[in-house]
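**Student:** Mind looking over this structure? Questions follow.
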Amino acid sequence: MNRREFITRAVPATTLPFLLNGFALQAYGRSPIIQALTSAAFSTNRILVLVQLVGGNDGLNTVIPLDRYSSLSAARSNILIPSNKVLGLTAATGLHPAMTGLQSLYNNGQLLIVQSVSYPNPNFSHFRATDIWLTATDANVIGNTGWLGAYLDQDFPGYPGAYPTTAVPDPLALQIGSVVTPGLQGPAVSMGLAVTNPNATYFLPGGSDTPPATPAGHEITFIRQVAQATQAYTGSIKTAASKGKNLSTLYPAAGQNSLADQLKIVAQLIAGGLQTRIYVVNIGGFDTHSVQVTATDTTLGAHATLLGKLSGAITAFEDDLHLIGAQDRVLGMTFSEFGRRIVSNASGGTDHGTAEPVIMFGSKVNAGIIGTSPVLPAAPTVNDNIPLQFDFRSVYASVLRDWFGASPTELQVAITGTITNPLTSSVVTSGSVAGVGSGGNQPKEYSLEQNYPNPFNPSTIIRYELPAGVNVLLDVYNSLGERVATLVDGPQGAGTHEVNFNGGSLSSGMYLYRLKAGSYQETKRMLLIR
Amino acid sequence: MRRRDSLARIATAVLAPDGEDGLQEVKTQDAGASPFANKSTPSVARTTAGLEPYAGPWTLTQMYHLLRRTTFGPSKAHVDTLKSTGTAGSAVDLLLAPQADEPTQPLATSTSELVPGGSTWVNAIYSNPAINPTSARIISLKAWWIGLILNQGLSIREKLTLFWTDHFVTQISTVNDPRYSYRYNALLRHNVLGNFRDIANAVTQDGAMLIYLNGTNNVKTGPDENYGRELQELFTIGKGPLAGPGDYTNYTEADVKAAAHVLTGWRKYQNADTTVGTQTGYFDSTRHDTTDKTFSARYNNTVIKGGTDGQAELTAMLTMIFSQTDPDGVNKVARFISRKFYRWFVYYVIDADAEANVITPMANLISSNNFNVLPALSTLLKSAHFFDPVNMGCFIKSPIDFVAALIRQFSIPIIATDVAKQYAAWYALATQSAAMDQDIGEPPNVAGWQAYYQNPEYYELWINSDTLTKRRNLSDALVGSGYTTSGGKLQIDPIAFVKTLSNPADPNVIVNEASQFLFAVTPTAAQTAFLKETLLPGLPDYEWTTEWAAYMADPTNAAKLSAVKGKLQALLALMMEMPEYQLS
């Protein structure tokens, strides 16, 4: 494994007493070993960028079902994109003509479309539907945690108080914008921070407009300074922002495309080495109830402008990631709180609907189209909606499992609804699925065996079993809690694994080896006698 | 309390140069000043407006300003009342109107106070040697006081009660018998708009003060100078610039000694745990130095005739102190207390214009009204200076102000049918404020809370990275899942809050009216846009209207409630995290 590629992930504090099995608890109560074992690194350098299309995107005019074109014509003649203008992906499917960039990504194997994503009993309220998507609940359940927040909380127990650490120096998740998405809400606090502009003087609610030159303004400045100092990650964000440089020339000028502006910041921070796992960006305006196309040319208008921005922003971002050399580390995904109605309205727009296409992008996506074109009724009525093919929580589960190597247990916590099964096919290319490794026989449960021989001089074998593909960290510590070796660090497949540990130049004494595999962890002692 | 005890926490004693109030020496490390706090007082341009009556518009801006400064956070009902007053002057009259004495007394919440739960302990003896009720009674007293602040109607009284307890400082825990502290608290509350000299007279012979500044140990055979010093330095005439050895311009070390001799013989009833009704002071002529007391040239060599009438000597001494004038003819005591009022109600910087146009005429009003403070306070609060925009929003809320305003502005309900729970909730708020560095009834030393005198930081002492985080945590909890106390969960109902606005179906109304309600400064256009985006991310206005209408049509529908409530919670949480929310 390439050590450089990995960022850290901490051991759940709740397992701490287990670590001390066989040791004098008092003696180790405040020892460095606890520090070391509870903050030791476990890594992925993979990044997820979530793009929220706020307002409810009209999926049928975004990913256009050419094989259902006559039904489409019957349903929405006033906003219909002429079939000869559709950007073809397959014989059955094409993209809105404003999305030439995404068509290129598709042709280059960097785009994946999941058709007709929704959930049972869909809600038509913007706010409620957004909350359902972000909290990953059933439609009738009011969720308290976001899917990404609940996922991160499992890997970073004690956030925010216990962080940042040397091993976890950077924010876990960043919202580019002013308000952190509820999708990052953890059980206690939000796992994310909002950053409008990483180069700004203050990262504060309300922004950094210069206060008035009044006594009140004087105190605002003062309190901003204090508030800024309470933000533990100010330094690391600023450092990354100053080190990171955007290399793509495809970004539009600032202020032209808000999504591109946000993704540009994300790329800048990635280039600057920020070890943040999740970024959330958004673009509003998709609530196209009226005049979503121009009267004279349905390929133009408000919706076309939005899709053009979406396509242009992602294209520039991907180009930048390639130039930065980070393209293989970043997976992007779009979603909206709902799609829109099959039948357009008389105002030249579309009303709130249900299922929508989810688009993933990145050099590692398992490019293509999952699912069939939406099934449209032969004689659609105003209340008809697109039947769901895939529950959005299955999409989430796939992302967390395939991209981050999340365990089934982690998925169940992150996705609180009834559906936590991933899609049947992977959303990233087979070579890059987290947790696919050496394979072998299939153990029923995790286990870490006693090393053999023990005592040893100078080498010994450590054997462990993984029932599923998972990220693995196997470290060796001395009795002072200092890590002396990292034997395994990265995704491994299900099966029995053996690692040889050579004590080399280490002195005689007691050592600990600790296995962390997903949410499982175990520590054992071994004795080196020279 | 020994002065040397009170200053035990001093980390850096800055004895010179003395400032205008002579308080700069009390600089404590545990004040925890932020590294960003003032290094010198700000020189931002202010106003030349003085005490002439404010004649500008009487709008929500002025109403909120008046209520923020004179009460603990404007509530909707109080603003509505002020709207009907018509002028700033009549609104101030309403706030300064005489109040009947507070009818309630602190109640026991259990048998720990040594009286039945639900009854008051303020006169109850320490009847069980096995149980010391002091701690339980202190908790009850502080809770009750917080309750008064939370429930204060349209009156300046509680803001002034806190002022006077920060001026004539005693510490509840130092007095260590809450019966005295209750009586002291009630004394000051009764006199908030009364006669300054009379208050000084009453305080001097009050049991709590006699304990706190050792008056009760002040006997002719060994005079204790503690109270005689603080009476002059901190309570009345104030310490002026050091003019020579032991000469503080307004008084000298010799005057400290002379005052101590005047005050010999005042004592509290010795045994706090015997009978009821004795938690006050009295004069014991057998312990009094009956010789004549001669004061220094700073008091024109005044001689106070000795004898066995302690009250007569005290009156004579207060008359002497309260009649001193500066070379410009302004009464020294009146000027001293005017400055203190100014820093409590207006701003901490007193520049030359404020001194000439506000402090001096205020002081003259106080002295010309024989030290009745009402006319001066009324004039200040009705003045063009007070309502000048430059004096709005420049105040940093004290922790008590911050905590109380959260409860009052959002009308957060507190259980009133169960004394134990009600007091538990009130006390939880007292502990929150204490954690933010303001423990009600416990100023850090005899000089009071540093925020009102410590040059150059002043109010900025309230805010450091620790206290700001605590403030944010509390507002986040209240607006989110609730702040759980043993007296029940305290929680903001954002739906109820927006229903008090003129049109909760309009997102612009919500943002604008909530901003005006919660912020003492006008948000910038970018901030308003940011708040709107928080409420309604990426959506047109009518979508809020639609969602709100859907909820109103079906208010018991959990999904519809959640849809609008979540957005309102996000909006309010962020507003209260903004630095602007800390201002008053």
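**Student:** For residues that are more than 8 Å from every other protein chain (Cβ to nearest Cβ) and buried (at least 24 other Cβ atoms within 10 Å of the Cβ), tally how many sit in the range B:383-394.
**Tutor:** 3
**Student:** Sticking with this one: Look at B:T48 and say whether it is in contact with an Asp or Glu (Cβ under 7 Å, 6 or more places away or on another chain), part of a loop (DSSP other than H, G, I, E, B) and away from chain A (no Cβ under 14 Å).
**Tutor:** yes
**Student:** Given the residues A:N454, A:N383, A:N421, which is the only one that is touching a residue at least 60 places away in the same chain (Cβ under 8 Å) and more than 15 Å from the chain's Cα centre (by Cα)?
**Tutor:** A:N454
**Student:** Still on this structure, please answer the following. Does at least one position in the range A:224-237 carry a residue that is modelled with pLDDT of 95 or more, assigned to a helix (DSSP H, G or I) and surrounded by 16 or more Cβ atoms within 10 Å (Cβ to Cβ)?
**Tutor:** no
**Student:** To continue, here is another question. Being of a type in the set (D, E), out of contact with any strand residue (DSSP E or B) (no Cβ under 9 Å at 6 or more places or on another chain) and over 24 Å from A:F286 (Cα atoms) narrows it down to one residue among B:E513, B:E547; which is it?
**Tutor:** B:E513
**Student:** Filter the range A:170-201 down to the residues that are more than 10 Å from chain B (Cβ to nearest Cβ) and among the β-branched types (V, I, T), then identify the one that is nearest to A:V51 (Cα to Cα).
**Tutor:** Applying the filter and picking the extreme gives A:I176.
**Student:** Does the range A:350-369 hold any residues that are more than 18 Å from A:W133 (Cβ to Cβ) and not in a loop (DSSP other than H, G, I, E, B), and which are they?
**Tutor:** Across the range A:350-369, the qualifying residues are A:F361, A:V365, A:G368, A:I369.
Okay, residues lined up against (1) touching a Leu at 6+ places or on another chain (Cβ under 9 Å); (2) within 14 Å of another protein chain (Cβ to nearest Cβ):
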site	(1), (2)
B:Y347	no, yes
B:N357	yes, no
B:K397	yes, yes
B:F402	yes, yes
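**Student:** For the range A:25-121, give me every one of the helices (runs of 4 or more DSSP H) that falls completely inside it and has 2 or more residues that are modelled with pLDDT of 95 or more.
**Tutor:** The qualifying helices (runs of 4 or more DSSP H) are A:69-75, A:100-107.
**Student:** What number goes with the only condition from (1) in contact with a helix residue (DSSP H, G or I) (Cβ under 8 Å, 6 or more places away or on another chain); (2) farther than 27 Å from A:T214 by Cα; (3) outside any helix (DSSP H, G or I); (4) facing chain A (nearest Cβ under 9 Å) that B:G538 does not pass?
**Tutor:** All conditions are met except number (1).
**Student:** May I ask you to verify whether A:K309 is within 14 Å of another protein chain (Cβ to nearest Cβ) and not β-branched (V, I, T)? Lay out the reasoning, then the answer.
**Tutor:** Details: within 14 Å of another protein chain (Cβ to nearest Cβ): yes; not β-branched (V, I, T): yes.
Answer is yes for this residue.
**Student:** May I ask you to list the residues in the range A:208-219 that are within 7 Å of chain B (Cβ to nearest Cβ), modelled with pLDDT under 95 and under 39 Å from the mean Cα position of the chain (by Cα)?
**Tutor:** Within the range A:208-219, A:D209 is the sole residue that qualifies.
**Student:** Same structure again: Residue by residue through the range A:86-117, note down the ones that are more than 18 Å from A:K309 (Cα to Cα) and surrounded by fewer than 20 Cβ atoms within 10 Å (Cβ to Cβ).
**Tutor:** Matches in the range A:86-117: A:G88, A:T90, A:A91, A:A92, A:N107, A:N108, A:G109.
**Student:** Somewhere in the range A:498-514, is a residue under 16 Å from A:A434 (Cβ atoms) and in the same structural domain as A:P443 (by TED's automatic domain parsing)?
**Tutor:** Looking through the range A:498-514, none of the residues is under 16 Å from A:A434 (Cβ atoms) and in the same structural domain as A:P443 (by TED's automatic domain parsing).
**Student:** Please tell me if A:T210 is outside the structural domain of A:L400 (by TED's automatic domain parsing) and β-branched (V, I, T). Let's see the steps before the verdict.
**Tutor:** Values: outside the structural domain of A:L400 (by TED's automatic domain parsing): yes; β-branched (V, I, T): yes.
Against the criterion (outside the structural domain of A:L400 (by TED's automatic domain parsing) and β-branched (V, I, T)), A:T210 qualifies.
**Student:** Separate question: Just checking, does the range A:230-241 include any residue being within 30 Å of B:Y458 (Cβ to Cβ) and facing chain B (nearest Cβ under 9 Å)?
**Tutor:** Yes - at least one qualifying residue is present in the range A:230-241.
**Student:** Checking the structure you have, find out if any residue of the range B:127-145 is of a type in the set (K, R) and within 14 Å of another protein chain (Cβ to nearest Cβ). Reasoning before the result, please.
**Tutor:** Filtering the range B:127-145 for residues of a type in the set (K, R) gives B:137, B:142.
Add one more test, that the residue is within 14 Å of another protein chain (Cβ to nearest Cβ), and what stays is none.
Checking the range B:127-145: not a single residue is of a type in the set (K, R) and within 14 Å of another protein chain (Cβ to nearest Cβ).
**Student:** Any chance you could count how many residues in the range B:354-373 are polar (S, T, N, Q) and part of a helix (DSSP H, G or I)?
**Tutor:** Initially, the range B:354-373 is screened for residues polar (S, T, N, Q), giving B:357, B:360, B:364, B:367-370, B:372.
Still in the running and part of a helix (DSSP H, G or I): B:357, B:360, B:364, B:367-368.
The qualifying residues number 5.
**Student:** Next question, about the same structure. Pick out the one residue from B:A563, B:A573, B:A549, B:A526 that is within 12 Å of another protein chain (Cβ to nearest Cβ), closer than 16 Å to A:F127 by Cα, in a helix (DSSP H, G or I) and touching an Asp or Glu at 6+ places or on another chain (Cβ under 9 Å).
**Tutor:** Of the residues listed, the single one that is within 12 Å of another protein chain (Cβ to nearest Cβ), closer than 16 Å to A:F127 by Cα, in a helix (DSSP H, G or I) and touching an Asp or Glu at 6+ places or on another chain (Cβ under 9 Å) is B:A563.
**Student:** Report yes if some residue within the range B:172-195 is surrounded by fewer than 24 Cβ atoms within 10 Å (Cβ to Cβ), in the same structural domain as B:I125 (by TED's automatic domain parsing), among the charged types (D, E, K, R) and farther than 21 Å from B:A143 by Cα; otherwise report no.
**Tutor:** Checking the range B:172-195: not a single residue is surrounded by fewer than 24 Cβ atoms within 10 Å (Cβ to Cβ), in the same structural domain as B:I125 (by TED's automatic domain parsing), among the charged types (D, E, K, R) and farther than 21 Å from B:A143 by Cα.
**Student:** Here's a follow-up. Quick one: which helices (runs of 4 or more DSSP H) lie wholly within the range B:424-522 and hold at least 2 residues that are within 26 Å of B:P42 (Cβ to Cβ) and either within 14 Å of another protein chain (Cβ to nearest Cβ) or of a type in the set (A, V, I, L, M) (or both)?
**Tutor:** Passing ranges, in order: B:465-479, B:507-518.
**Student:** Tally up the residues in the range B:352-371 that are surrounded by fewer than 18 Cβ atoms within 10 Å (Cβ to Cβ) and either more than 25 Å from B:V44 (Cβ to Cβ) or out of contact with any Ser or Thr (no Cβ under 6 Å at 6 or more places or on another chain) (or both), please.
**Tutor:** 6
**Student:** Given the criteria part of a loop (DSSP other than H, G, I, E, B), more than 14 Å from chain B (Cβ to nearest Cβ) and among the aromatic types (F, W, Y), does A:Y279 qualify?
**Tutor:** No: the conditions fail for A:Y279.
**Student:** So, one more: Taking the options B:G310, B:G329, name whichever one is assigned by TED's automatic domain parsing to the domain that holds B:Q232 and not basic (K, R).
**Tutor:** Working: B:G329 fails: assigned by TED's automatic domain parsing to the domain that holds B:Q232.
Just one listed residue meets the conditions, B:G310.
**Student:** In addition: When the range B:192-225 is examined, which residues are found to be farther than 21 Å from B:T120 by Cβ and under 19 Å from the mean Cα position of the chain (by Cα)?
**Tutor:** Passing the criteria: B:V192, B:L193, B:G194, B:N195, B:F196, B:I199, B:A200, B:V203, B:M209.
**Student:** Exactly one of these conditions fails for B:S110: (1) over 25 Å from B:T71 (Cβ atoms); (2) touching a helix residue (DSSP H, G or I) at 6+ places or on another chain (Cβ under 6 Å); (3) among the small types (G, A, S). Give me its number.
**Tutor:** (2)
**Student:** Still on this structure: Could you identify the single residue in B:T291, B:T319, B:T280 that is over 29 Å from the mean Cα position of the chain (by Cα) and of a type in the set (S, T, N, Q)?
**Tutor:** Sole residue among the options that is over 29 Å from the mean Cα position of the chain (by Cα) and of a type in the set (S, T, N, Q): B:T291.
**Student:** Return the residues of the range B:129-169 that are hydroxyl-bearing (S, T, Y), within 20 Å of B:I414 (Cβ to Cβ) and over 16 Å from the mean Cα position of the chain (by Cα); say none if nothing qualifies.
**Tutor:** Correct list: B:S140 only.
**Student:** Show the residue pairs meeting these rules: Cβ distance below 8 Å; 6+ apart or different chains; first residue within the range A:259-288 and touching a residue at least 60 places away in the same chain (Cβ under 8 Å) and in the same structural domain as A:G325 (by TED's automatic domain parsing); second residue among the aromatic types (F, W, Y) and in a loop (DSSP other than H, G, I, E, B).
**Tutor:** Pairs that qualify, where the first residue is touching a residue at least 60 places away in the same chain (Cβ under 8 Å) and in the same structural domain as A:G325 (by TED's automatic domain parsing) and the partner is among the aromatic types (F, W, Y) and in a loop (DSSP other than H, G, I, E, B): there are none.
The values are calculated or read from the model by the stated rules, or taken from the named source; none is laboratory data. Because the structure is a prediction, the values reported are computed rather than measured. Here Cβ is always computed from backbone atoms with ideal geometry, including for glycine, and neighbour counts include all displayed protein chains.
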